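Below is one structure; the comments refer to it alone.
Nothing in this text is a laboratory measurement; each read-out follows from the coordinates by a stated rule. Source: prediction; values computed, not measured. Cβ placement follows ideal geometry from the backbone for every residue including glycine, while neighbour counts extend to all protein chains displayed.
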């Protein structure tokens with residue numbers, strides 16, 4: 001009898017805590033992923049360029065306005081997705097894959113540009129001759 005009571009209390013607590021329904025105000029997965037991508041980009045730009053903002057302008061406000069959210073909603077979503085680490089891991093993997101694809105395409109274009117520049121013969125000057133563009137003709 002005692003074991004049955006403990007078992008029923010355990011099951012009640014277990015199923016009460018295992019609520020898979022999303023609370024109100026939680027953004028869907030794709031919207032949250034898009035916001036995170038833009039927040040990461042803003043952070044990269046800020047840190048890379050070390051922008052000193054004399055106007056006290058916060059670029060995150062533009063991201064929040066675009067998606068019609070505020071910092072409180074973002075905090076609530078961050079807490080929710082932190083409690084669901086598998087979903088959050090998938091979101092960050094998708095973001096990483098997106099940026100990796102963009103980086104690969106930039107590197108590919110850069111390597112193509114470098115190959116084009118290497119095909120043009122570059123003039124090499126001997127240490128004895130003077131370039132013709134300085135004096136008009138070469139002298140020894």
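Okay, here's what the table says:
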{"quantity": "Sorted peptide list for 65-77, 28-40, criterion being average Cβ within 10 angstrom, highest first", "calculated": "28-40, 65-77"}
{"quantity": "Cα gyration tensor, segment 25-105 - rounded (a/c under 1.5), prolate or oblate", "calculated": "oblate"}
